[in-house]
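Participant: Sharing a structure, written as structure tokens. Questions coming.
The values are calculated or read from the model by the stated rules, or taken from the named source; none is laboratory data. The structure displayed is predicted, hence computed values, not measured ones. FYI the Cβ positions are ideal-geometry reconstructions off the backbone, even for glycines, and counts take in every protein chain you see. Calculation scope for accessible area: heavy atoms of the full protein, side chains included, ligands and nucleic acids excluded. Shrake-Rupley method; radii C 1.70, N 1.55, O 1.52, S 1.80 Å.
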Amino acid sequence: MAEIKLVAEARNDFGKGAARRLRREEKVPAVVYGHGAEPKHVAVDSHALMMALKTPNALIRLEGEGANELVIPKAVQREAIRRFLVHVDFLAVKKGEKVAVELPIQIEGELAPGGNLLEHLLNTLPVEVEATHIPESVTVSIAGLDAGHTVLAKDIALPAGASLTVEGDTPVLQVVAAQAEAPVEAAEGEGAEG
């Protein structure tokens with residue numbers, strides 16, 4: 001995954017009022033933490049950050065005002081209704097360092113014929129990977145799977161250098177038979193007594 005470069009400005013004002021002023025200037029307050037260092041408070045352009053966050057587990061290089069840090073987003077807060085960015089926590093990372101992330105699960109193939117349904121027990125797969133080589137997703141083939149089949153975490157082919165952070169026997173996907181609704185029959189004899 002390529003690095004996404006964003007300009008970060010150091011910020012010294014804190015609290016709700018300062019955060020509101022930043023958002024009016026179309027910037028998002030953020031905190032960079034990690035490696036035992038003091039947290040750094042920064043502001044990042046709202047639109048550029050929103051575009052960067054469209055990529056799951058984006059690897060971001062924050063540059064500007066003496067900052068040159070490689071980070072990944074760890075916590076993203078959005079406004080409940082309009083969904084604009086309110087605050088972001090970044091985790092500072094280094095090349096070669098392993099980080100825990102959740103990879104989106106992509107499905108390929110078709111289930112066996114017969115009206116089976118695929119139930120997603122997990123939408124993301126928790127793994128540990130090198131910070132500068134975070135895959136965008138993992139792919140699971142469901143080709144020909146029939147009702148009763150369960151895909152476990154250990155059954156999923158992981159990208160090179162990745163390891164599971166959940167038990168291998170954790171169910172991820174399950175194929176279930178479609179439930180047919182029984183036709184509603186009118187009860188005989190209703191209203192016949194009198």
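Participant: Inspect segment 173-182 for any residue being modelled with pLDDT of 90 or more, loosely packed, with under 12 Cβ neighbours inside 10 Å and either within 20 Å of the chain's Cα centre (by Cα) or among the aliphatic types (A, V, I, L, M) (or both) and give the result as yes or no.
Facilitator: No, segment 173-182 has no match at all.
Participant: On to the next question. VAL76 - would you say it is assigned to a strand (DSSP E or B), farther than 19 Å from VAL7 by Cβ and not acidic (Asp, Glu)?
Facilitator: no
Participant: Quick one: in segment 90-130, which of the residues that are open to solvent by 30 Å² or more (accessible area, probe 1.4 Å) and in contact with a Lys or Arg (Cβ under 7 Å, 6 or more places away or on another chain) is farthest from THR150 (Cα to Cα)?
Facilitator: My answer is LEU91.
Participant: Among the residues of segment 23-39, which ones are touching a Phe, Trp or Tyr at 6+ places or on another chain (Cβ under 8 Å) and open to solvent by 30 Å² or more (accessible area, probe 1.4 Å)?
Facilitator: Result: ARG23, TYR33, PRO39.
Participant: Please pick out the residue among ALA75, ALA48 that is open to solvent by less than 50 Å² (accessible area, probe 1.4 Å), within 14 Å of the chain's Cα centre (by Cα) and more than 22 Å from SER163 (Cβ to Cβ).
Facilitator: Going through ALA75, ALA48 in turn, just one is open to solvent by less than 50 Å² (accessible area, probe 1.4 Å), within 14 Å of the chain's Cα centre (by Cα) and more than 22 Å from SER163 (Cβ to Cβ): ALA75.
Participant: Can you run down the residue pairs with Cβ atoms below 7 Å, 6 or more apart or on separate chains, where the first is in segment 158-185 and of a type in the set (A, V, I, L, M) and in a loop (DSSP other than H, G, I, E, B) and the partner is modelled with pLDDT of 90 or more and open to solvent by 80 Å² or more (accessible area, probe 1.4 Å)?
Facilitator: ALA178/LEU117
Participant: How many residues are charged (D, E, K, R), open to solvent by 90 Å² or more (accessible area, probe 1.4 Å) and touching a residue at least 24 places away in the same chain (Cβ under 8 Å) if we restrict to segment 1-22?
Facilitator: 1
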